[in-house]
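Below is one structure; the comments refer to it alone.
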Amino acid sequence: MPTEATETETETETETETAPLRGAFTGTPAVAALLCLLTAGLASAAPLPEALGRFESGDNEGVVASLRDSVDGDTIADPVDRAQALRLYGIACALTGRNLAAEAAFLHWLSLEPRAHLDPNLVRPDVVAFFEQVRARHRDELLREVEKRRPRSAALNLLPPAGQFQNGQRTKFALLLSAEIGLLALNIATGASLYATVRPDGTFPDARRAEILQGVNWASFGTLLAVVVYGVIDGFVVLRRIRGKLAEDAASLRASAPPSTFTF
C-alpha cells in the first residue's frame with residue numbers, strides 16, 4: 001500500500017511539473033500558429049515525392065490521386081515544386097484521358113515557365129504534341145501574362161526601395177526600407193540632439209558628448225547614402241535581368257507553332 005501511495009504522489013508531481021510546459025506551448029497563439037504553418041507546409045510538400053515515385057513506376061492514376069488536391073487548391077508554395085507538380089499532373093492526366101485537367105495543368109505550368117518543354121525522349125510523343133498544342137492555343141493569353149509581369153518604370157529604381165518592390169523582391173524591399181528608416185531616424189535624432197545644445201559661438205557645453213554625436217551622425221548619413229546607392233544599382237541590375245528573361249519568354253511563345261487540328 002505505501003508503494004501505491006508513493007507512485008500516485010510521483011505521478012501527481014510529474015503532472016504538476018509538466019502542466020505549465022504544456023500550457024506554455026498549447027496556450028500561446030504564436031506557437032500554435034507556427035505549428036499550424038509548419039504542419040501545412042509539410043502536408044503540402046508531401047504529395048510531390050509520393051507522386052514522383054508513382055510516376056517513375058508508371059502509376060499514372062496514382063499520380064493523379066496524389067496531386068489532385070494540391071494542384072486544384074494551389075497549395076504548393078515553392079515555385080519549383082509547384083511547376084514540377086503541374087508537369088507530373090498534366091502528363092498523368094493526359095495519359096489517363098483527362099484532357100481538360102491536363103490542359104489546365106499545362107497552362108498553369110506555362111504561366112509559371114513560358115519556355116517549359118517536355119522531353120520527347122522521356123514523355124510519349126502524343127503527350128508532347130498535346131502540350132505544344134496547349135502552348136499554341138493559349139499563346140496570346142500567355143503573352144499577356146508575360147507582359148503583365150514586365151516592370152513599368154525604370155525611374156522607380158532611383159527611389160529605393162520602390163524599385164525592389166516593383167521588381168518583385170519583397171524581402172529585399174522590406175530590409176532596405178527598414179534600414180533606410182532606421183538610419184534616417186538615427187541621423188535626424190543625433191543631429192537634433194547635437195544642435196539643440198550648441199552655443200552661439202559654435203561650441204558645446206559637453207565637448208565629448210558632442211564629438212560622439214557628430215561621429216554617429218556622420219556615420220549614419222554615410223551608411224544611409226551607401227544603402228541608397230546600393231538600392232539604385234541593385235534595382236537597375238535586377239530590372240535588366242527581369243526584362244531580358246521576359247523578352248526571352250515572349251520570343252519563345254511567339255516562335256511556338258500556331259494551333260492545328262491535332263487532338264489527343
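Once the Cβ-Cβ distance of residue 144 and residue 241 is raised to the sixth power relative to R0 = 25 Å, the FRET efficiency obtained is 0.70. Here the simple spin-label model places points 7 Å from the Cα toward Cβ, and for residue 117 and residue 185 these points are separated by 5.3 nm. Value of Rg to Rh for the stretch 154-254, rounded to two decimals, is 1.27; Kirkwood radius and Rg both from alpha-carbon coordinates.
How many Å³ per residue does the convex hull of the Cα positions in the stretch 105-151 occupy?
Value for the stretch 105-151: 63 Å³ per residue.
Kirkwood hydrodynamic radius (Cα pairs, Å) of the stretch 101-191? About 16.6 Å for the stretch 101-191.
Using the basic label-point model (7 angstrom from Cα toward the beta carbon), what is the residue 77 to residue 223 distance in nanometres? Result for the modelled spin labels: 3.0 nm.
All of the numbers you see were taken from the coordinates with simple rules; none came from a lab. Since the structure is predicted, the reported quantities are computational estimates derived from the model, not experimental observations. Every residue, glycine among them, receives a Cβ derived from its backbone with ideal geometry; neighbour counts consider all protein chains shown.
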